[in-house]
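Structure record follows, encoded as structure tokens.
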Amino acid sequence: MAKTRREFTPEFKREAVALLESSGRPQMQIAAELGIQPSMLRQWRTGLMGGSPPPRVAGPPGAASASSVASPSDQAAEIARLRRELDRTRMERDVLKKAIGIFAEMPK
């Protein structure tokens, strides 16, 4: 069975690169949150930025300055990540509920 190739809109690519640039988090983490390969994110950044990776800002990962405001693309990516996390958490909860039911039925 052949896999279908996923297509991403230019807007999604720009938002993914913007998230990578503004968040200060590792490329691997951003790619995992977006459900893409890190190499794909790297290619998008290279294509949009003209080939040179931006300089990294020193400081703890995920720390944002008080004056920075999240851009709409950052907010959209964060919402997508949180929705995926919520879906996964709900699935884990459902599995645990089923396990409790099974163990409750077992004789002691």
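Values quoted throughout were computed directly from the atomic coordinates according to the rules given, and no laboratory measurement underlies them. Worth saying up front: this structure is predicted, and the values here are computed from it rather than measured. Here the Cβ positions follow ideal geometry from the backbone for every residue, glycine too, while neighbour counts run over all protein chains shown.
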Answer from Pro107, Pro72 - the residue that is out of contact with any Pro (no Cβ under 9 Å at 6 or more places or on another chain), surrounded by fewer than 10 Cβ atoms within 10 Å (Cβ to Cβ) and within 29 Å of Arg25 (Cβ to Cβ) = Pro72
Across the stretch 1-36, the tally of residues that are crowded, with 18+ Cβ neighbours inside 10 Å and either touching a strand residue (DSSP E or B) at 6+ places or on another chain (Cβ under 8 Å) or closer than 18 Å to Leu82 by Cβ (or both) stands at 10
